[in-house]
Amino acid sequence: MEFNGIPLHPLVVHAVVVFAPLSALAGILYAVRPRWRWALRWPLLAATLIAVVNAVVATMSGQDLAETRGLDAAVQTHEERGELLRNVLLAYTVAVGLASWRLGGPSGLKSGRFERPEPGGVVSVLTIGLLVVGAIAVGVMVFLTGDSGARAVWGA
């Protein structure tokens, strides 16, 4: 897979490197700051969808690149971590969707428009926990995958 003669993989990887941590940070803020939920809901969903779509494309283009350029141990480690990152992002996307639908909060607008009552209960606590754990997992996997990719390209 190429774009203008350049392998697609390094191009789309940068979108994952930017949007996945932004999504993770927004997810943690969404979980712990109910007052900000009205403003974070759509940016969180957008950043997560951009990250997961680009992660899927990065995985496919990375496999294609590995087939054409060869696969050594460092590239194989990066490929395994990239696939795990993609899977973690897919699961995190489900958690973000659930949290966006389930969790409410006060509106930041004086009129109170967009306010959604906080449902509370065990389901909300579990949703918040799932969102925070997923965000941390995304952050860790982005770091590990990026580190292994840099080592594969630039050496240890």
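All of the numbers you see were taken from the coordinates with simple rules; none came from a lab. Bear in mind that the values here come from a model prediction, so they are computed numbers and not experimental data. Note that we place each Cβ from the backbone using ideal geometry, even for glycine, and neighbour counts take in every protein chain shown.
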### Summary
Any trypsin sites (Lys or Arg not before Pro) in segment 50-156 that lie in a DSSP loop and have at most 13 other Cβ atoms within 10 Å would be Lys110, Arg113
### Query
Quick one: net charge of Val140's neighbours, Cβ under 12 Å, K/R +1, D/E -1?
0
### Task
Specify the angular offset, from 0 to 90 degrees and rounded to the nearest 10, of the alpha carbon long axis of helix 121-154 from the longest principal axis of the alpha carbons in the chain.
20
### Query
Between Glu115 and Asp147, how many nm apart are label points set 7 Å from Cα along the C-beta direction?
4.6
### Projected label distance in nm at Val123 and Ile6, using a 7 Å step from Cα toward the beta-carbon
4.7
### Task
Can you tell me the 0 to 90 degree angle between the C-alpha axis of helix 37-69 and the longest principal axis of the chain, rounded to 10?
10
### Task
Would you be so kind as to identify which of Phe143, Gly121, Val88 lies farthest towards the positive end of the dipole of segment 34-156, taking Lys and Arg as +1 and Asp and Glu as -1 on Cβ and the Cα centre as origin?
Gly121
### Task
Evaluate 2.2 N^0.38 Å with N set to the residue count of segment 1-70, then give the Cα radius of gyration divided by it.
1.39
### Summary
For segment 34-155 the mean separation of alpha carbon contacts under 8 Å (6+ apart) over residue count, i.e. relative contact order in percent, is 36
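Given +1 on the Cβ of Lys and Arg, -1 on the Cβ of Asp and Glu, and no further charges, what dipole in debye does the chain carry about its Cα centre, rounded to the nearest 20?
1000
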### Query
What angle, in degrees between 0 and 90 and rounded to the nearest 10, separates the Cα long axis of helix 73-102 from the longest principal axis of the Cα atoms of the chain?
20
### Shape metrics for the chain, restricted to C-alpha atoms - Rg then Dmax, Å
17.9, 60
